[in-house]
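Asks: Can you keep this structure in mind? I'll have questions shortly.
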């Protein structure tokens, strides 16, 4: 290797943030261990299953990454997911369940998600309410509305085309296919990465999360940037809601999206994004989501009681944060 | 028993490679008040923090009662009988006065707190300090700064220490409280307490201290018996440095006014400030801490809401409502506190520099190559010492950090550069470089405002000096009038001029 490129190669690793590398190493290790523990794990069908399962919470987690890096948090994502799903199904049924109805529902869902995100942003920036409290409030409100509209029951779509969105798959060869949610998840991850890493907005998100005061002294419109992060997480919730409600063709007002906020936050944190803000990356969140998916999958394959799975997940989260602490 | 109680020998200290203390030896005796004077950044506070266990020396020994001790933390120092009253207040605002006084040494009765006893003791201590009117049950938050300082002193007194360190205790006190404090110091002296008294007020030192050690740029310049030394001699020892070499030749301003500020007001902080700045001029703002200089500058550039005030740029009435407006008009502000406001410590050098001007680097996405090239230019220009430009700024020394902030300010391509404490806490070499830079900056008709609490800096750099006190401009000094004495007389309100 010529000297210059060798030096650059070494520099790359010197500069490499080990907070970041951590989640990648954990993922690789988990992958190998799982394969050894149970060879079924490596089957393409199983892998695709894992990826499909994680794409729902994973997509929300991608949006959550922006919020957390900017120093905030959004607890309302699970309830919002149910609310948007419910409303979209109401709209679909209202307009007869055809393609047009679905398009209208999507526009309504996407629009509403962004508007609600904007509202949350205003509460936090102009109302000066701590993000935790503000979204704790919206979380309760959204869930209550979902329950109220369905009277505690279920939203059922009458459309026969709607399930093709979330349940669709793109075949690759004879017995191999990629589910649409997986494609949506990864394409969305690439877009999020570009926004976070290569745009002004993304740079500002980091700056605000790390030192809000310095951001103000750099002529950054802090309130606007913060509000936009909540709009992004809102839109991410819309994507998940679309994928999940269409796959089931229904939304349960009591159980849809329950605990999603915690899983999404867990994925972000395991991926090496700091809860204090200012540090983090999109691919870490992708890795974090996959790690959570693999753990679930393995515990199932190994016949571990589902009641214990929460404990394992908890340990992984705590372990991940401990490692972050050590580094900083 | 020997009278010497504390001896520090050959203390050295460096922060991230910047040495701030050089081979300092100092000692304290029972019943002695030992003054420690020096300019800002001379190393007084650092030295005292080492003796009180808040900082560890890079090398050197500390002996108490002739036995070497390792003061690894403040608790250890406390056990050795050392207490420090800090310059910055260290009270818990949400706790009551008595809770603060007994914080960490609560009086207990079995498992529970003996509140009544603590309140009673607090009353006694406060009475000793002549502060009967402070209610031990009051929240500290509700006290004035001066009263808070007295509570801080009460807390230290209650320790019954053998060695008491006071770091600029009077900076927030009125004359009356200062008098009481001095009476108390004399009593403590009678009881055999060794007191280190840090100050830059020569008069006080002369009044209260027995011996005085002068520090300059991290070195001991001398130890003097107070009865044998005059204030002037002490002042010379303090400043000492050959100022002529340190500062570049003063520029010659043009006649045209670049910016005029009329009746700028910020409620409670800035009162009717009006001034003009000429092209090619370096205008200094002097005053005591809290005189409203920073607030004035922040209001000017739109970082702080102003109640009223008009700004004319090149004769044209302009409106600055936020920092973005100022930026567009070519006004750049270097904040006083670089870690809090100037830098994003988690970010690398490149990203810090371009944070204020990212719009210049936008194609569809950020042009990182162009950013890098620009950062390299600044590294050359300011001689920024770093591993590489991707290094996070938290790992740079204070001087190099300041160079990064300065680069950032220049990114705006300013016509007017406002520098708030541009050399606070940085080494002499970098100071020199920054002074050279300022002189070069104004050469081609650009202008600079320097806000500084370091009088020598103001005196050495500026064409004209405005002195502020309690939010108002109280004097305008030019040419020969720009000297330490004049500035201090106006800043402290001894002399008044109708400006």
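Asks: Between residue B:139 and residue B:394, what is the FRET efficiency for a Förster distance of 35 Å, r being their Cβ-Cβ separation, to the nearest 0.05? Before the final figure, lay out the partial values.
Replies: Numbers: r = 35 Å, r/R0 = 1.00.
FRET efficiency, residue B:139 to residue B:394: 0.50.
Asks: For peptide A:191-203, what's the mean number of Cβ atoms from other chains within 10 Å of each residue's Cβ?
Replies: Details: counts 0, 0, 0, 2, 1, 0, 3, 5, 5, 8, 1, 2, 9.
Counting other chains' Cβ atoms within 10 Å and averaging over A:191-203 gives 3.
Asks: Taking only Cα atoms, what is the 0 to 90° angle, nearest 10, from helix B:145-157's long axis to the longest principal axis of chain B?
Replies: It works out to around 40 degrees.
Asks: With contacts defined as alpha carbon pairs under 8 Å and 6 or more residues apart, what's the relative contact order of the range B:244-491 in percent? Each step should come with its number before you reach the end.
Replies: Details: 498 pairs, mean separation 73.3, N = 248.
Dividing the mean separation by the residue count of the range B:244-491 yields 30 percent.
Asks: Same structure again: Calculate the mean, over all residues of peptide A:207-214, of how many other protein chain Cβ atoms lie within 10 angstrom of the residue's Cβ.
Replies: On the way: counts 7, 1, 2, 6, 9, 1, 7, 16.
Mean number of neighbouring Cβ atoms from other chains: 6.
Asks: For chain A, modelled as a Gaussian network with Cα springs under 10 Å, which listed residue fluctuates most, A:196, A:172, A:112?
Replies: Most flexible of the set in this elastic network: A:172.
Asks: Next question. Residues of the range A:97-113 with backbone nitrogen within less than 13 Å of a virtual label 7 Å along the Cα-to-Cβ line of residue A:158, please, listed as ranges.
Replies: Under cut-off, by backbone N: A:97-98, A:101.
Asks: In percent, what relative contact order does the range A:20-327 have, based on Cα pairs under 8 Å that are 6 or more apart in sequence?
Replies: On the way: 519 pairs, mean separation 106.6, N = 308.
For the range A:20-327, the relative contact order is 35 percent.
Asks: Cut-off is 10 Å between beta-carbons; in what order do B:196, A:201 appear when sorted fewest neighbours first? Don't skip to the answer; put the middle values down first.
Replies: Values: B:196 26, A:201 16.
Ascending Cβ contact count within 10 Å gives the list A:201, B:196.
Asks: Extending each Cα 7 Å along its Cβ direction at residue A:321 and residue B:187, get the distance between those two points in nm, one decimal.
Replies: 5.0
Asks: When the Cα centres of the range B:1-80 and the range B:190-213 are compared, how far apart do they sit, in Å?
Replies: 16
Asks: Also, I was wondering about something else. If we count other beta carbons within 10 Å of each Cβ, what is the order of A:285, B:492, A:120, fewest first?
Replies: Numbers: A:285 32, B:492 13, A:120 29.
By the 10 Å Cβ count, ascending, the order reads B:492, A:120, A:285.
Asks: What do you get for the angle between helix B:368-382 and the principal long axis of chain B? Use alpha-carbon atoms, 0 to 90 degrees, nearest ten.
Replies: 70
Asks: Find how many whole Å separate the alpha carbon centroid of the range B:379-419 from the alpha carbon centroid of the range A:240-276.
Replies: 43
Asks: Still on this structure: Please determine, in degrees from 0 to 90 and to the nearest 10, the orientation of helix B:175-190 with respect to the longest principal axis defined by the Cα atoms of chain B, where the helix direction is its Cα long axis.
Replies: 40
Asks: Would you mind pulling out the separation of the Cα centroids of the range B:423-499 and the range A:48-67, in Å?
Replies: Cα centroid to Cα centroid, the span is 57 Å.
Asks: On to the next question. Pairs of alpha-carbon atoms within less than 8 angstrom and 6+ residues apart define the contacts here; what relative contact order does the range B:1-126 have, in percent?
Replies: Details: 154 pairs, mean separation 25.1, N = 126.
With pairs under 8 Å counted, the relative contact order is 20 percent.
Asks: When the chain is fully extended, how far beyond the present Cα-Cα distance does residue B:67 get from residue B:310, taking 0.36 nm per residue of separation?
Replies: 81.0 nm
Asks: Other chains' Cβ within 10 Å of A:219-229 residues: what's the mean?
Replies: Values: counts 16, 5, 3, 0, 0, 0, 0, 0, 0, 0, 0.
If you average over the peptide's residues, the count of other-chain Cβ atoms is 2.
Asks: Test of understanding: ordering B:409, B:194 by Cβ neighbours within 10 Å, fewest first, what list do you get?
Replies: B:409, B:194
Asks: Here's something else I'd like to know. Return the FRET efficiency for the residue pair residue A:45, residue A:276: r is the Cβ-Cβ distance, R0 is 41 Å, and the value is rounded to the nearest 0.05. Provide the component values of the computation, followed by the final result.
Replies: Numbers: r = 40 Å, r/R0 = 0.98.
For residue A:45 and residue A:276, the calculated efficiency is 0.55.
Asks: Kindly rank B:376-386, A:155-165, A:306-316, B:296-306 from highest to lowest mean number of other beta carbons found within 10 Å of each residue. Walk me through the numbers before you get to the answer.
Replies: Details: B:376-386: 16.3, A:155-165: 17.9, A:306-316: 12.8, B:296-306: 22.1.
In decreasing order of mean packing, B:376-386, A:155-165, A:306-316, B:296-306 become B:296-306, A:155-165, B:376-386, A:306-316.
Asks: On to the next question. Label point 7 Å out from residue B:179 along Cα-to-Cβ: which residues of the range B:127-169 have amide N under 16 Å?
Replies: What the label zone holds, given the 16 Å backbone N cut-off, is B:129-132.
Asks: For residue B:373 and residue A:174, FRET efficiency with R0 = 56 Å and r from the beta-carbon atoms, rounded to 0.05? Can you show the working numbers first?
Replies: Details: r = 52 Å, r/R0 = 0.93.
Efficiency, rounded to the nearest 0.05: 0.60.
Asks: Using 7 Å Cα-to-Cβ label points, what is the residue B:232/residue B:317 separation (nm, one decimal)?
Replies: Rounded to a tenth, the inter-label distance reads 5.3 nm.
Asks: Multiply the residue gap between residue A:126 and residue A:37 by 0.36 nm, knock off their C-alpha separation, and tell me the result in nm, one decimal place.
Replies: 26.8 nm
Asks: Further question: Extending each Cα 7 Å along its Cβ direction at residue B:54 and residue B:360, get the distance between those two points in nm, one decimal.
Replies: 3.9
Just so you know, all these numbers are worked out from the coordinates, no wet-lab data involved. Please read all numbers here as calculations on a predicted model, not as lab measurements. Neighbour counts are summed over all protein chains in view; Cβ atoms, including those assigned to glycine, are modelled from backbone coordinates with ideal geometry.
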